[in-house]
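The next block holds one structure in the form of structure tokens; read it before the comments.
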Amino acid sequence: MNDRRPDWAWFDEPLGVGLQLGVQVESVVYRETTEHQDLVIYETSQWGRVMALDGIMQVCERDEFIYHEMMTHVPILAHGNARNICIIGGGDGGILREALRHPVEQVTMVEIDASVVELCTTHLPSISDGAFDDPRTDLVIADGARFIADTEKRFDVIIVDSTDPIGPGEVLFTSEFYGHCKSRLTDGGIVVTQSGVAMIQGDELTTTVRRLGEHFADSSAYIAPVPTYIGGFMALGWGTDNTDLRALPNATLAARYKQADITTRYYNANLHVGAFALPTYIADYVEAAR
Ligand code: SAM
């Protein structure tokens, strides 16, 4: 806790940018140093429950829908016929919850830290909302980089909902990992990645787009504004060999959204198209990868 406001928890972004996020804490719901990282769940006054790993904000009840909807519905609706999804990371279950809204056959979720799943299911159940009990869920506790290198499975969409490129998440930002993602995707498959807040981690975005570009015909990014990921737009990396998928017309996406018969609080077809219209400073980070 910070001595300025002893009842607040303060979060630095991992790359130390002179910005801190503070949330007023009502109680510490749970804290544990797991096999892989320090996990804490707070009850807060205005943001619901909040989970942090190694002191970095991961998810909060009030605004999680923005990130989870954009990481999930953009690739799945762009693909148009995704039946097998792979989530790397995503221990809180938010991506899994959103992916299961679609008529998928199976969602394979590969999370390195079983404690994150167990503790979020117990103390932050609104995020997964029962998704781990869905018969279409295949939960694998393993390092995502090792899994994707070894699996015989094939996926239409791979969603990399990892921590930042420090600690256990670091291996999920390598060209080798993206190469293995490529080999596990079906024709025209899509991989999307958590690529940090561009104003703070712009160079990381350039590196990710460059590394994706080493394996995919189309590598780029799209954006989403997540209030508790401080510093402005969150960048989400995009990689696919089907160059049409990043520029689908609104009418196509709207029809697919209607057919999927899902309800969302942030995602819609207009926003999907708009999310790829990058502010110049973010487009510059993407172009620097070429
Ligand atoms: N939405 C958050 C963000 O944007 O930072 C990420 C949320 S989720 C909690 C991140 C998950 O990635 C954690 O559960 C963590 O345990 C998992 N993770 C980190 N490294 C991993 C690896 N190598 N393989 C699989 N899961 C990993």
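A short reminder: the numbers here are calculations on the coordinates, not readings from a lab. Just so it is clear, the structure is predicted and the values come from calculations on it, not from any experiment. Glycine also receives a Cβ, built like all others from the backbone with ideal geometry; neighbour counts cover every protein chain displayed.
Please report the equivalent ellipsoid semi-axes of the chain, computed as sqrt(5 x eigenvalue) of the Cα gyration tensor, largest first, in whole Å. Spell out each step's value before the answer.
Details: eigenvalues 156, 90, 73 Å².
Output for the chain: semi-axes of 28, 21, 19 Å.
Quick one: SER175, SER219, fewest Cβ neighbours within 10 Å first, how do they rank?
SER175, SER219
The value of relative contact order for the chain, using C-alpha pairs under 8 Å at least six residues apart, is 16 percent. Helix 198-213 axis versus longest C-alpha principal axis of the chain: approximately 30°, rounded to the nearest ten. If you take the Cα centroid of the stretch 229-290 and the Cα centroid of the stretch 48-71, the two points sit 20 Å apart. Result for the chain in a Gaussian network model with C-alpha springs under 10 Å: among GLU170, GLU35, GLU43, the largest mean-square fluctuation is at GLU35.
Each DSSP beta bridge with both residues in the chain is either parallel or antiparallel, and the antiparallel ones are about 65%.
Answer rounded, prolate or oblate for the stretch 8-60, using the Cα gyration tensor with square roots of eigenvalues a ≥ b ≥ c: rounded when a/c is under 1.5, else prolate when a/b is larger than b/c, else oblate. Before the final figure, lay out the partial values.
Details: a/c = 2.23, a/b = 1.03, b/c = 2.17.
In terms of gyration-tensor shape, oblate.
Taking 7 Å steps out from each Cα toward its Cβ at ASN81 and ARG210 produces label points 3.7 nm apart.
Note down the net charge around THR44, summing +1 for each Lys or Arg and -1 for each Asp or Glu among other residues with Cβ under 15 Å from its Cβ.
Working: positive: ARG5, ARG31, ARG49, ARG62; negative: ASP7, GLU26, GLU43, GLU61, ASP63, GLU64.
Net local charge, THR44 excluded: -2.
When the chain is treated as a Gaussian network with alpha carbon springs shorter than 10 Å, the biggest mean-square fluctuation among GLY167, GLY213, GLY196 belongs to GLY167. What the phi angles of the stretch 247-260 give under the Karplus curve with 6.51, -1.76 and 1.60, with θ = phi - 60°, is a coupling list of 10, 5, x, 3, 4, 5, 5, 5, 5, 5, 4, 5, 5, 5 Hz, glycine and proline written as x. The modelled label-to-label distance for the pair ILE141/ALA217, using points 7 Å beyond Cα in the direction of Cβ, is 4.1 nm. Taking label points 7 Å from Cα along the Cα-to-Cβ direction, THR122 and ASP241 give a separation of 4.5 nm. The stretch between GLN46 and GLU26 holds 6.2 nm of extra length on full extension. This uses 0.36 nm per residue minus the Cα-Cα distance.
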